[in-house]
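Here the structure comes first, spelled out in structure tokens, and everything after it is commentary.
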Amino acid sequence: MNKIVTLQDVKANPYIRAYIDGGNDTTGALGYTDHGTRHASIVAAISRNLLQRLGYPARDQELAAIAGYTHDLGNVVSRYFHAQVGAVLVERILSEMGMDPAEIAVIMAAVGSHDPEESSVAVSPVSAALIIADKSDVHRSRVRNPDITKFDVHDRVNYAATRSFVDVNAETRVITLKLDVDTDISPVMEYFEIFLTRMLACKRAAEFLDTRFELTINNVQLL
């Protein structure tokens, strides 16, 4: 008999913990921002909240949270094709945990479709929620470089973001990423220079959910 696997179960799995930590070490060595349990937990929470606010069933919300938490497992192998590698890794782990194969398939598709952002396309509500949640995690707490004088543009833009929040309005069917950005650290235009493809991915994912995606920075709507 299949087991009802929860996010709590997934977080307690030693393989998932080790692969997230290992993937975070890999991305750190390459100079990337945080991709560890902090990022995983935030993406899981946003994914769940998004489907909850839009009225999707509780089990879909849980699957979205699990997909959000495990979406970067593939980084433990390589940053390249990490989405597709992660989908394979999560299949083995969830199978061994006894999850229903149909639910595993939903999570595999979501993890495998979340990147690269230029071509990421939502294939289910769980997938759409994951894409929006992942691309919305822009915040200074993601920056790992301790020397501000040596920031690259990704460090600078993330460090400039002092607040990020995904607002879901079920009545108007609008999903809004709200950012507070310290323009003394990074101008708003710099955000678009490196994150435009992410915002377009969010726009496509929101359309899959029959919603509209908007971006506000410092209370000004820019998208």
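The values are calculated or read from the model by the stated rules, or taken from the named source; none is laboratory data. This structure is a prediction, so every number in the text was calculated from the model and none was measured. Counting neighbours? That spans all protein chains shown, and the Cβs are built from the backbone with ideal geometry, glycine included.
Collect the residues in the stretch 19-41 that are touching a residue at least 12 places away in the same chain (Cβ under 8 Å) and among the hydrophobic types (A, V, I, L, M, F, W, C), keeping them in residue-number order. Let's see the steps before the verdict.
The first filter runs over the stretch 19-41 and keeps only residues touching a residue at least 12 places away in the same chain (Cβ under 8 Å), leaving 19-24, 26-28, 30-41.
Hits for the stretch 19-41 are Ile20, Leu30, Ala40.
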Open item on the list: So Glu118 ticks every box in (1) more than 20 Å from Arg163 (Cα to Cα); (2) buried (at least 18 other Cβ atoms within 10 Å of the Cβ) but one. Which box is left unticked?
Closed with: (2)
TODO: Among the residues of the stretch 111-130, write down those that are touching a residue at least 60 places away in the same chain (Cβ under 8 Å) and either within 15 Å of Leu196 (Cβ to Cβ) or of a type in the set (D, E, K, R) (or both).
DONE: Glu117, Glu118, Ser120
Open item on the list: Looking at the structure I just gave you, is Ala83 assigned to a helix (DSSP H, G or I) and free of Cβ contacts under 8 Å to residues at least 12 places away in the same chain?
Closed with: no
Open item on the list: For the stretch 183-194, check the following and say yes or no: at least one residue is among the hydrophobic types (A, V, I, L, M, F, W, C), touching a Lys or Arg at 6+ places or on another chain (Cβ under 8 Å), closer than 17 Å to Asp134 by Cβ and in contact (Cβ under 8 Å) with a residue 12 or more places away in the chain.
Closed with: no
Task: Answer from Thr216, Thr172, Thr197, Thr183 - the residue that is among the hydroxyl-bearing types (Ser, Thr, Tyr) and part of a strand (DSSP E or B) - done: Thr216
- [ ] Search the stretch 173-203 for residues being among the charged types (D, E, K, R) and surrounded by 16 or more Cβ atoms within 10 Å (Cβ to Cβ), and hand back the single one that is farthest from Gly55 (Cα to Cα).
- [x] Glu190
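Here is a yes/no grid of residues against (1) part of a helix (DSSP H, G or I); (2) touching a Leu at 6+ places or on another chain (Cβ under 9 Å); (3) at pLDDT 95 or above:
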position	(1), (2), (3)
Ser78	no, no, yes
Arg92	yes, no, yes
Ala105	yes, no, yes
Ala109	yes, no, yes
Ser119	no, no, no
Open item on the list: Is it the case, given these coordinates, that Leu179 is modelled with pLDDT under 95 and touching a Lys or Arg at 6+ places or on another chain (Cβ under 8 Å)?
Closed with: no
Open item on the list: Checking the conditions here, which among Ile66, Ile42 is within 19 Å of Val10 (Cβ to Cβ), part of a helix (DSSP H, G or I), modelled with pLDDT of 95 or more and under 10 Å from the mean Cα position of the chain (by Cα)?
Closed with: Ile42
Open item on the list: Being surrounded by fewer than 15 Cβ atoms within 10 Å (Cβ to Cβ), at pLDDT 95 or above, under 24 Å from Pro57 (Cα atoms) and among the aliphatic types (A, V, I, L, M) is the requirement here; does Ala170 meet it?
Closed with: yes
